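These notes concern the structure reproduced below.
The values are calculated or read from the model by the stated rules, or taken from the named source; none is laboratory data. Here the structure is a predicted model, which means the values were calculated and not measured. No Cβ is skipped: glycine too gets one built from the backbone with ideal geometry, and neighbour counts run over all protein chains shown.
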């Protein structure tokens, strides 16, 4: 028995209106269901919830029991879909209110089944032992409510899951198959694979996106025919597509600029009139403009039709941010002490997106002082950072920072004046390369007796590849940072050492809501071409603390000399793994394990690697998560910290 387009009507609840509007739906197994669908079904339960928010004088408490036969892994999905369950604490008004809520759950449960590919599933709801649409249910509820909460049962038989069957994509005009369409594999509709209603709609959108990127700005799905074959347990899909006319970009008008120079904004839009239409190009322009500190939002409006030249006019509306900003942040660790940073900035100095930020940073080092035991623990940094976009092309940016600082660590104390500057070129939204200069004059001390003065200069090459979705709280993607920097000290004979390091982190959500995220990180580095003591102490590698090996003191998992002074290393290795789990919308827990060590030689010796583990707490705010991590060393050795506590904004990595 074949149940034609009706199966699609409930495939995905949020698209039900689109399906019914575009398709002549019918159901041979329940002809009244779809006629009553929209009167019963509210994807967000808004009308029912609004009713329950009114003052109740005749509320009917009830208790829901949900049982599932077949694929019991759907229990959570069905529970989430049920308004009876989600609104259980909000008592309905009177017996009729409970009956209405029970009847309204039927399409929601069926939609949940269809959404997971169970097109033969059935659900049975009983209120006080009777189906809610039977007259006996009213009397039964009145009687049951006198004894306590009314029992409500939901029993779902999932049946077997359907698999994808045949996919056909037709041209609406010729009724012939469209050529050069994405394959079933590209659309993730491979025949024989378990069907998912969500994926059917994603595939539908992918077809439209494909045609739009082929230069058809008005492509759309004209109709769809979804056939659920109950005999073969297959879902056959036919999409009739109207590609619409092909088009080219026409005049692009920029609006909304105030302090930003309009010519500067127009220069960021590297689309020539007459180029083939592509929404990806527009999306790239949007991301480029929004990346400017002076821009808060960008609205792109395409014309509703092509002009007489076959071109599509586009309007880009730029919404600017306030020109100035101030802020502050802080962090604390029991092994490193506390630090506070205050800052002020200008997002648009001279109308071409130039930005300036001034940071004032103060710290009190709370860890053990191995290098200079009697040193003043106060640290500071005053820095000015300047960015100028579009110095050569819209993909090029000038970055410069000058700073004076005093740094106090377990290994050394440093006073320095630094300058770092360079040009960053963006090859794409994900990939960029920066080449520049790194100059520093410093007076440092890593032992009580012999301070040293260093004047060093380097040429760093910094590579960034980032596909993550957030800088502070990523839930997917990968981030790779790599640096190669030859550097030398003033007056040094011959070539200087070369430092190289790379850190790779990856993030993967285990569920669609991204409440459970697995995160991992691995990093390594090496300095070659010099012995350990020829390298200034601030340029050596150190491991330990909240940014590398939680549970250990800052720099603690690093080489020591014969006097137990921290001396740092010429190489390092580190790795971390976390499970970031949200318990509520604002609270999360993070079990983690870290590994790492710095090594005296230029090659890591992994046989001596140190390990730590712990548990973190996250409080999620609009600006990012606030992190509280507590870590302890594994196989603790004499001199190691007993534990480490770390508080800061953002995830550990």
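The table that follows gives values for the structure above.
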| read-out | value |
| --- | --- |
| Conditions (1) crowded, with 19+ Cβ neighbours inside 10 Å; (2) under 17 Å from residue 132 (Cβ atoms); (3) modelled with pLDDT of 90 or more: number failed by residue 37 | (3) |
| Of all residues making up segment 271-299, the number that are in a loop (DSSP other than H, G, I, E, B) and closer than 20 Å to residue 351 by Cβ | 4 |
| Residue within segment 383-391 that is in a strand (DSSP E or B) and surrounded by fewer than 15 Cβ atoms within 10 Å (Cβ to Cβ) present | yes |
| For residue 439: the one exception among (1) touching a strand residue (DSSP E or B) at 6+ places or on another chain (Cβ under 9 Å); (2) modelled with pLDDT under 95 | (2) |
| Strands (runs of 3 or more DSSP E) contained in segment 443-507 and holding at least 3 residues within 13 Å of residue 534 (Cβ to Cβ) | 452-458, 477-489 |
| Filter result (surrounded by 18 or more Cβ atoms within 10 Å (Cβ to Cβ) and closer than 16 Å to residue 389 by Cα) within segment 280-319 | 285, 288, 289, 292, 293, 294, 295 |
| Residue in segment 552-564 that is under 23 Å from residue 372 (Cβ atoms), touching a strand residue (DSSP E or B) at 6+ places or on another chain (Cβ under 9 Å) and not in a loop (DSSP other than H, G, I, E, B) present | yes |
| Tally of residues being touching a residue at least 12 places away in the same chain (Cβ under 8 Å), exposed (fewer than 15 other Cβ atoms within 10 Å of the Cβ) and under 14 Å from residue 387 (Cβ atoms) across segment 328-356 | 0 |
| Selection status of residue 598, over 30 Å from the mean Cα position of the chain (by Cα) and either modelled with pLDDT of 95 or more or surrounded by fewer than 21 Cβ atoms within 10 Å (Cβ to Cβ) (or both) | yes |
| Test for residue 187: is it free of Cβ contacts under 8 Å to residues at least 24 places away in the same chain and within 19 Å of residue 226 (Cβ to Cβ) | yes |
| Residue among 322, 312 that is touching a strand residue (DSSP E or B) at 6+ places or on another chain (Cβ under 8 Å) and either modelled with pLDDT of 95 or more or outside any strand (DSSP E or B) (or both) | 312 |
